[in-house]
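Taken together, the values in this text are just the output of simple stated rules run on the coordinates, not laboratory data. Keep in mind that this is a model prediction, so the values were computed, not measured. All Cβ positions, even for glycine, are placed from backbone atoms using ideal geometry, and neighbour counts span all protein chains on display.
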Amino acid sequence: MIRIQGFALALALALRAASGEFINLGFEDPDPRAIGYPYANEKSLLSGWDTYLDTVGYNNLTQLFGFCVLFDDIGRSRNPDLMAVPLVGRFGLGVVPDAARTYPPIQLPPPYVQQRGTVPVDAKGLFFLWQGEDLRVFLGGQQVPVYPWEQRLTDDPRVPVHNYYAVHVEPWAGQEVMLRFEFRAFEYHAFPDWPGHVHVLDDLHFSAIPEPPPRWLLLAGLWWLAWRCGRARGAG
């Protein structure tokens, strides 16, 4: 019995290791052969991810209602429809909603991106930049709450603040799961004032220790400095 249990455990660990870690969490690894084309196969532009359609656009929002689009900083600087889009690194993922998806007889499922992988064994949270409304996050088929996390100041006057969010992943640490993001606000583009007003997902990262917001780090640093100055004056 002990030998059978040991074999089962070894098999489970081997399968878990075979699943591999999540990849391309910042959408920074597109196939360079697809760069520059308005449309491309999803496997090329979203390495590691699956989405609800077979094509993903590239720096092309005006013709992509209901599609995913990979955008970069060069395209954002040249396209007024992209200037207000937050972006970390060179690339980011946008979803252009399509209100017609909710009307009969279409009734299509909501846009999504998903990837199967193993949650790091020490992970407690998954943090990500997000712009949009009514985002649903699923782990292993179970919807998990999305919490506002922090606001990060940028040096970009077009997008001075990046809003980060978090989901709690500790119950799935070390497990192979499907990570899925669903974008439910079909009319988020608020047509006709929609340029830049698209769902955006970027800079996903797991963390073993919850990351304190920078403002709390600043306050803690100021408190420590005041305490040290007080001690120095007392000693003098």
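Structure values in brief
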item	result
Amide H within-cut-off set for G125, under 5 Å, with H built and near neighbours excluded	V169, S207
³J(HN,Hα), Karplus 6.51/-1.76/1.60, whole Hz, each residue of region 179-185, x for Gly, Pro	9, 9, 10, 10, 10, 8, 7
Label-point separation, A185 to H205 (7 Å along Cα→Cβ), nm	2.5
Placed amide H near A40: partners under 5 Å, 5+ positions off or other chain	V56
Footprinting exposure proxy for R90, R33 (fewest neighbouring C-beta atoms within 10 Å first)	R33, R90
Amide H contacts of R116 (H built 1.01 Å from N, under 5 Å, at least 5 apart or other chain)	L179
Phi to ³J(HN,Hα) by Karplus 6.51 cos²θ - 1.76 cosθ + 1.60 over region 80-87, Hz, x for Gly, Pro	x, 6, 10, 5, 8, 7, x, 8
Net length gained if the chain between R116 and Q175 were fully extended (0.36 nm per residue, minus Cα distance)	20.2 nm
Using θ = phi - 60° and Karplus 6.51 cos²θ - 1.76 cosθ + 1.60, couplings along region 69-76 (whole Hz; Gly, Pro as x)	9, 9, 10, 10, 5, 5, x, 5
